[in-house]
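Please read through the structure below; I'll follow up with questions.
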Amino acid sequence: MWTAALAAALLFTAGGLALIYLDDTNSQNVANQLNAQNQALKSQNRQAQAQLLTTQTNLKATLAELATVRAELEHPTLTIWNVPQQITADIGYLAGGAPDTFTYHLRATSNGPMSVSILTLEDFAAALNCVQNGRGPTNYCMHHTGSPVISWLGVTRVNYDFLGAEGCADYVVVFTSAGNITVTPNVGVTYNPSSASTGSCAN
């Protein structure tokens with residue numbers, strides 16, 4: 001009887017220990033699985049954060065590009081004169097209007113000394129009268145009649161942004177020379193209308 005009871009007790013104890021071991025093993029397996037899932041989620045989270053950062057960076061770059069494009073659409077820049085032309089000594093001249101509502105980008109070079117002036121229409125008309133009345137050659141009258149807005153005399157290069165026409169249609173740009181030369185222009189304009197009259201129109 002005692003032997004049977006002892007055997008039964010040992011068997012029960014061994015079975016309990018086996019159940020506890022199996023339960024502990026299952027718990028460890030579950031814990032390992034949860035830990036693996038947690039690590040996978042952390043890895044996915046890091047990847048998502050990296051993708052988000054990349055997306056945010058790309059979005060900022062796209063918005064900057066859109067802002068640049070919008071600014072260009074609101075204020076387009078166009079080249080309006082880039083064909084080389086010759087000027088005959090003293091009597092020849094090149095003239096072009098500075099269009100209203102635009103910034104006038106005056107860029108030009110020449111293979112000999114040239115003189116360039118920005119004139120009002122009134123001063124341009126007076127300069128033509130100066131020539132016609134024999135008071136001087138074109139190369140003189142265009143730059144010494146009235147009050148030129150600005151002049152460059154005897155130069156081979158000019159680079160200037162004229163703002164006076166942004167709110168005024170009253171300007172002519174004139175090129176002359178004391179010698180026979182070729183002028184190579186690269187003149188452009190940027191649409192930039194002023195909210196008020198500018199230059200001579202504001203007087």
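What is the distance in Å between the Cα centroid of region 98-137 and that of region 77-91?
If we compute the Cα centre of each part, the gap is 12 Å.
Further, regarding this structure: Would you please put 90-98, 115-123, 29-37 in order of how densely packed they are, using the mean number of other Cβ atoms within 10 angstrom per residue and starting with the highest?
115-123, 90-98, 29-37
Could you work out Rg/(2.2 N^0.38 Å) for region 54-203, with Rg from alpha carbons only?
Here the Cα radius of gyration is 1.27 times the empirical estimate.
If you roll a 1.4 Å probe over the chain with all protein chains in place, what percent of the accessible area is carbon or sulfur?
58
In a solvent-free Debye calculation with one equal scatterer on each Cα, what is log10 I(q)/I(0) for region 46-101 at q = 0.18, 0.20, 0.22, 0.28 Å⁻¹, listed in the order of the q values?
Log-scaled intensity ratios, in q order: -0.81, -0.88, -0.93, -1.09.
Keeping every protein chain present and rolling a 1.4 Å probe, give me the accessible area per residue for the chain in Å².
Normalised by residue count, the accessible surface of the chain is 64 Å².
What do you get for the angle between helix 2-74 and the principal long axis of the chain? Use alpha-carbon atoms, 0 to 90 degrees, nearest ten.
0
Oh, and also: List the relative contact order of region 110-160 as a percent without decimals, with contacts defined as Cα pairs under 8 Å and 6+ residues apart.
Computed over region 110-160, the figure is 53 percent.
Tally the DSSP beta bridges in region 66-167 and give the antiparallel ones as a percent, rounded to 5.
Counting only bridges with both partners in region 66-167, antiparallel ones make up about 100 percent.
While we're on this one: From the square roots a ≥ b ≥ c of the eigenvalues of the alpha-carbon gyration tensor of region 130-203, which class results: rounded (a/c under 1.5), prolate (a/b over b/c), or oblate?
The shape class here is oblate.
Excluding A98 itself, calculate the net charge of residues whose Cβ lies under 10 Å from the Cβ of A98, where each Lys or Arg counts +1 and each Asp or Glu counts -1.
-3
Additional query: Among rounded, prolate and oblate, which fits region 112-164 when a ≥ b ≥ c are the square roots of the eigenvalues of its C-alpha gyration tensor, a/c under 1.5 means rounded, and a/b larger than b/c means prolate?
It is oblate, given that a/c is not under 1.5 and a/b is not larger than b/c.
Something else about it: Order the peptides 184-195, 54-65 from the highest to the lowest mean number of other Cβ atoms within 10 Å of their residues.
184-195, 54-65
The values are calculated or read from the model by the stated rules, or taken from the named source; none is laboratory data. This structure is a prediction, so every number in the text was calculated from the model and none was measured. No Cβ is skipped: glycine too gets one built from the backbone with ideal geometry, and neighbour counts run over all protein chains shown. For accessibility, only protein heavy atoms count, side chains too; no ligands or nucleic acids. Shrake-Rupley method; radii C 1.70, N 1.55, O 1.52, S 1.80 Å.
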